Amino acid sequence: MPHYIGVILDENRLAQIKGTPLEEKIQDLFGGQLKMLVVEVPEDKSEQILKAFDRARIDSRGFIEDLPVAFKRALFEEIAKAKSLDVIDKVLERLPEIQEAAKKESEYIPPPEIE
Amino acid sequence: MAKLKMPPPHGGELVNRVIEKKEYAESLAAGAIEFDLKPTLDPNGVPIRHVYREIVSVCYGFFSPVEGSMTQNDLEGVLKERRLENGWVFPYPILLDVSEEDLKSLDVKEGDRLLLKLKGQPFAIMDVEEVYKIDPKDVATRTFGTPENNPEVVRQPFDEKHPGWMIYRCMNPYVIAGKWTIINPPKFREPYDRFWLPPAECRAVIKHVKKWRTCIAHQTRNVPHTGHEMLMKCAAYTGDIEPCHGILVNAIIGAKRKGDYPNEAILEGHEAVNKYGYIKPSRHMVTFTLWDMRYGNPIESLLHGIIRQNMGCTHHMFGRDHAAVGEYYDKYATQILWSEGIPSFGFEAPPNEVEKGLKIIPQNMAEFWYCPVCGEIAYSENCGHVKEKQKFSGSFLRGMVAEGVMPPKVVMRPEVYKAIVKWWKVFGYPFVNNKYLENLNKELEVDLAPMEIPKA
């Protein structure tokens with residue numbers, strides 16, 4: 001059974017995929033208040049991801065969650081580069097680099113500046 | 001239907017083993033053998049449990065009728081059929097475990113009195129009833145069950161990835177059994193002090209201050225999203241001749257799995273729900289229980305029922321994947337327990353229908369999701385737009401938070417998000433990580449006043 005990874009699209013990410021076929025694949029969430037791309041992950045690849053990141057897990061929707069921000073960032077980079085959602089192999093090729101960045105993330109993530 | 005009233009404490013009477021009078025407390029501890037309480041560490045040295053939390057919860061009556069570290073008979077009863085030796089339902093082993101080295105240096109035997117110290121100060125005494133050996137792995141596995149022995153609800157064997165199993169797995173091999181008595185009542189630090197309401201006081205507040213005749217408990221280990229809020233609001237429509245008068249949020253506070261929210265954000269996040277009027281404060285109250293969460297789904301739900309009955313609640317809401325992590329249990333294991341029982345865990349009938357069982361009434365709830373067709377948060381048993389549904393997911397929200405995206409207010413109230421960010425700024429991290437656990441283990445939730453114990 002495949003699993004999924006949701007990639008949230010903020011304004012900056014939306015601009016990067018403007019005019020590409022990816023625009024048609026954008027899903028609206030919560031009355032359009034959130035926009036997201038959904039990447040399908042075959043089971044053997046999702047096992048590889050779960051093994052690589054000890055906090056990662058499958059949620060009740062079948063989505064792989066609690067992934068490092070570095071992973072999500074790399075995933076979007078590959079999507080924007082390939083203009084396709086079929087990029088999971090490319091991301092897995094970058095696993096050592098992502099794991100290295102994720103290590104730093106387990107200590108500190110800068111908080112957002114809100115009032 | 002008859003009007004409901006507050007149920008009695010589990011076991012008949014609330015345990016109260018806290019000595020407030022200092023001189024009397026000092027005299028009880030005089031000459032006792034000193035022992036510094038220690039955390040349970042995982043194989044990487046990360047603290048995953050501190051027995052002091054269990055001592056507090058026992059002595060203030062949250063876990064009534066348990067009065068201390070369990071004897072071997074109690075432990076066997078709990079592991080075999082979730083019953084204490086006296087027959088009352090209780091789900092988890094409560095144990096003061098010590099290493100062989102500590103046991104040798106203590107040289108304790110039945111009849112001795114121990115002085116348990118915390119943060120360098122006298123904290124509690126215990127009268128030793130028994131010292132015995134356990135196999136921590138066996139205790140861990142029998143606590144949570146196996147697919148072979150508990151096929152009704154256990155879906156995969158428990159292992160190192162399960163934080164509750166790891167707590168028991170990492171315990172020391174010797175148990176000192178006996179009743180605990182706190183002799184130096186802990187002082188809760190901010191923000192815990194605002195939410196500290198032990199069972200006797202909670203019952204009094206519910207009865208005399210809030211004047212709630214009926215009250216439904218909400219278990220939480222999470223910062224609330226609007227799905228949780230709707231669960232609380234809708235579950236509270238149960239009651240008797242009218243909806244429940246009150247909603248008691250009771251957060252489980254202690255060491256948690258990495259990736260959960262910090263305790264402080266959980267408490268203040270829930271507080272924001274009533275402070276900013278999403279549920280009126282006259283109808284909603286936030287409290288906590290000290291316990292290093294075991295994530296035991298149906299097993300944990302029994303403890304939750306006991307705690308909240310002891311706090312004075314008439315009802316308890318149980319959702320999907322209650323107190324669960326991973327896919328070890330059936331998603332509806334807790335609801336199976338409370339609707340038909342789980343014979344292999346000792347329940348031929350639901351826990352509120354067995355002898356010496358609970359009196360709290362379960363309210364099993366299905367799920368809430370966002371429905372773009374209805375344009376609102378909908379209850380799964382009402383909403384027919386199954387294809388269009390957008391499910392709430394705590395981990396999806398955590399991902400959004402980590403990426404620095406403010407969740408839309410239809411999913412999380414902005415004031416709740418601000419509580420997360422407030423503590424994110426304090427800890428440099430929005431979730432529990434090793435650093436948070438190490439700091440929590442050092443500081444704990446409490447301070448203790450200096451106390452001089454006369455030598456024998």
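The values are calculated or read from the model by the stated rules, or taken from the named source; none is laboratory data. Only a predicted model underlies this, so the values are computations on that prediction, with no experimental measurement involved. Reconstructed Cβ throughout: ideal geometry from the backbone, glycine too, with neighbour counts over all protein chains shown. Heads up: the accessible areas ignore ligands, DNA and RNA and are worked out on the full protein's heavy atoms, side chains in. Shrake-Rupley method; radii C 1.70, N 1.55, O 1.52, S 1.80 Å.
Give me the pairs, please: first residue somewhere in the range A:26-41 and at the interface with chain B (Cβ under 7 Å from one of its Cβ atoms), second residue anywhere and part of a strand (DSSP E or B) and acidic (Asp, Glu), beta-carbon distance under 8 Å, and either six or more positions apart or on two chains.
A:LEU34/A:ASP28
How about the range A:72-93: which of its residues are open to solvent by less than 70 Å² (accessible area, probe 1.4 Å) and closer than 16 Å to A:ALA56 by Cβ?
The answer is A:LYS72, A:ALA74, A:LEU75, A:ILE88, A:VAL91, A:LEU92.
Which count do you get for residues in the range B:47-100 that are part of a helix (DSSP H, G or I) and open to solvent by 20 Å² or more (accessible area, probe 1.4 Å)?
Total satisfying the criteria: 7.
Taking the range A:28-44 as the region of interest, how many residues are over 14 Å from the mean Cα position of the chain (by Cα) and not aromatic (Phe, Trp, Tyr)?
9
B:LYS161: at pLDDT below 95 and either more than 21 Å from B:GLN72 (Cβ to Cβ) or not in a loop (DSSP other than H, G, I, E, B) (or both), yes or no?
yes
Could you tell me which of the residues B:ASN263, B:ASN222 is within 14 Å of the chain's Cα centre (by Cα) and crowded, with 24+ Cβ neighbours inside 10 Å?
Every option except B:ASN263 fails the conditions.
Filter the range B:324-365 down to the residues that are small (Gly, Ala, Ser), open to solvent by less than 30 Å² (accessible area, probe 1.4 Å) and away from every other protein chain (no Cβ under 12 Å) and list them by number.
B:ALA333, B:GLY341, B:GLY346, B:ALA349, B:GLY357
Listed residues A:PRO110, A:PRO96; which is more than 7 Å from chain B (Cβ to nearest Cβ), closer than 20 Å to B:VAL421 by Cβ and free of Cβ contacts under 8 Å to residues at least 12 places away in the same chain?
Within the list A:PRO110, A:PRO96, the selection yields A:PRO110.
Is there any pair linking a residue in the range A:3-17 that is on the phi < 0 side of the Ramachandran plot to one that is in a strand (DSSP E or B) and open to solvent by 50 Å² or more (accessible area, probe 1.4 Å), with Cβ under 7 Å and at least six apart or on different chains, and which?
A:TYR4/A:GLU40; A:LEU9/A:LYS35; A:LEU14/A:LYS35
Name the single residue that is modelled with the highest pLDDT among those in the range B:378-394 being facing chain A (nearest Cβ under 7 Å) and open to solvent by 10 Å² or more (accessible area, probe 1.4 Å).
B:GLN390
Looking at the range B:29-46, which of the residues that are outside any loop (DSSP other than H, G, I, E, B) and under 16 Å from B:PRO450 (Cα atoms) is least open to solvent (accessible area, probe 1.4 Å)?
The qualifying residue least open to solvent (accessible area, probe 1.4 Å) is B:ALA29.
Do we have any residue at all in the range B:150-158 that's in contact with a strand residue (DSSP E or B) (Cβ under 7 Å, 6 or more places away or on another chain), in the same structural domain as B:VAL89 (by TED's automatic domain parsing) and surrounded by fewer than 14 Cβ atoms within 10 Å (Cβ to Cβ)?
The answer is no; no qualifying residue exists.
Residues are listed down the side, and each one gets a yes or a no for (1) at the interface with chain A (Cβ under 10 Å from one of its Cβ atoms); (2) without any contact (Cβ under 8 Å) to a residue 60 or more places away in the chain; (3) over 20 Å from A:PHE30 (Cα atoms); (4) surrounded by fewer than 21 Cβ atoms within 10 Å (Cβ to Cβ):
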{"position": "B:VAL411", "(1), (2), (3), (4)": "yes, no, no, no"}
{"position": "B:ILE420", "(1), (2), (3), (4)": "yes, no, yes, no"}
{"position": "B:TRP423", "(1), (2), (3), (4)": "yes, no, yes, no"}
{"position": "B:PHE431", "(1), (2), (3), (4)": "yes, no, yes, no"}
{"position": "B:ASP447", "(1), (2), (3), (4)": "no, no, yes, yes"}
